[in-house]
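Here is the structure we will look at, set down as structure tokens.
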Amino acid sequence: MRTKKDVVQEFRKSELLRAARTVFSRSGFHDATIDDIAAEAGVAKGTVYLYFQSKQDIYLAALRDGIKMLNDEMRTQAATRGSAKDRLRNLIATKISFFDANLDFFQILQSELSRVEAAISQCRDLYFEQVEIIEGVLQDGIQEGDIKKLNTKKAAFAVADLTKGVVIQRVLGWSKTRMNDEIDFTLNLLWKGIAK
């Protein structure tokens, strides 16, 4: 059973991660400081060190926390009732709208490419978790007769990567397409390749 202390610590850690995402997106990894993160969270610098050992530690935790939030929302959408096509659309919409709503989080990923490669390798398990969520919807679609028989693992990776590409275009300002049009285009492109 969780105690009041556990709840407070969980809340404090969540607030520190939110503050870290904001500071890293504003300053980049190199220029961000633990002092900046503490100030953004409204706590003393020592409080940050109660939860995280270093700036690298909080950076990785902020990335993992953001991806976990996205995966939790995708899992919720995958579990809704409806056709595989509708659920696939919901997954695409969830991913695109998550990054639109969390621009600061995405900027962490783009801030320093060498650091991103190292951090992403440490978040690999979360990426595979996201692929498994998509794969489950594809497998359901095959069982329901809406999707042709295909390698669901490869198709799930393709869906994850295609939506990542759409997100990158939107966040960098290369696409001015309305979100619903972007979602429909992505779904229709995918559906033409997998529909039975």
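If I model a spin label at residue 158 and residue 68 as a point 7 Å from the Cα along the Cα→Cβ vector, what separation in nanometres do I get?
3.3
How about the stretch 50-81: which trypsin sites (Lys or Arg not before Pro) there are in a DSSP loop, with at most 13 other Cβ atoms within 10 Å of their Cβ?
Those satisfying the criteria are 81.
Straight-line reach from residue 148: which lysines have a Cα under 26 Å away, not including same-chain ones fewer than 8 places off?
85, 95, 164, 192, 196
Angle between the Cα long axis of helix 124-144 and the longest principal axis of the chain, 0 to 90 degrees, nearest 10?
Roughly 20 degrees, rounded to the nearest 10.
Size of the dipole of the chain about the Cα centre, Lys and Arg at +1 and Asp and Glu at -1 on the beta carbon, nothing else charged, in debye to 20?
380
Per the Kirkwood definition applied to all pairs of different Cα atoms, how many angstroms is the hydrodynamic radius of the chain?
After inverting the pairwise mean of 1/r, the radius is 18.1 Å.
Order of 180-187, 38-45 by packing, highest average Cβ count within 10 Å first?
In descending order of packing, they fall as 180-187, 38-45.
Compute the Cα gyration tensor for the stretch 143-187, then decide on rounded, prolate or oblate, letting a ≥ b ≥ c be the square roots of its eigenvalues: rounded whenever a/c is under 1.5, prolate when a/b is larger than b/c in the other cases, and oblate in all that remain.
Judged from the Cα gyration tensor, the stretch 143-187 comes out oblate (a/c at least 1.5, b/c at or above a/b).
List the lysines whose alpha-carbon lies under 21 Å from that of residue 13, not counting same-chain residues fewer than 8 positions away?
4, 5, 45, 55, 68
Which aspartates and glutamates have a Cα less than 13 Å from the Cα of residue 176, not counting those fewer than 8 places away in the same chain?
The qualifying aspartates and glutamates are 100.
Taking the chain as the reference, fit the longest principal axis to its C-alpha atoms, fit the long axis of helix 152-171 to the helix C-alpha atoms, and give the angle between the two in degrees, 0 to 90, nearest 10.
60
Once fully extended, how much extra length lies between residue 149 and residue 100, figured as 0.36 nm per residue of separation less the alpha-carbon to alpha-carbon distance?
14.3 nm
Under the definition of Cα pairs under 8 Å and six or more residues apart, what whole-number percent is the relative contact order of the chain?
Computed value for the chain: 22 percent relative contact order.
Between residue 12 and residue 122, what's the calculated FRET efficiency when r is the beta-carbon distance and R0 is 25 Å? Round to 0.05.
With R0 = 25 Å, the Cβ-Cβ based efficiency is 0.65.
If one computes the Cα centroid of the stretch 134-196 and of the stretch 1-74, what distance in Å separates the two points?
32
Which value at 222 nm does the chain reach when only helices count, each DSSP H run of 4 or more adding -39,500 (n - 2.57), with the total divided by all residues and rounded to the nearest 500 deg cm²/dmol?
-27000 deg cm²/dmol
What full-extension length gain, to one decimal in nm, is calculated for residue 53 and residue 86 as 0.36 nm per residue of separation minus the Cα-Cα distance?
7.6 nm
None of the figures in this text is laboratory data; all of them are computed from the coordinates on show. Just so we're clear, the structure is a prediction, and the values are computed from it rather than from any experiment. No Cβ is skipped: glycine too gets one built from the backbone with ideal geometry, and neighbour counts run over all protein chains shown.
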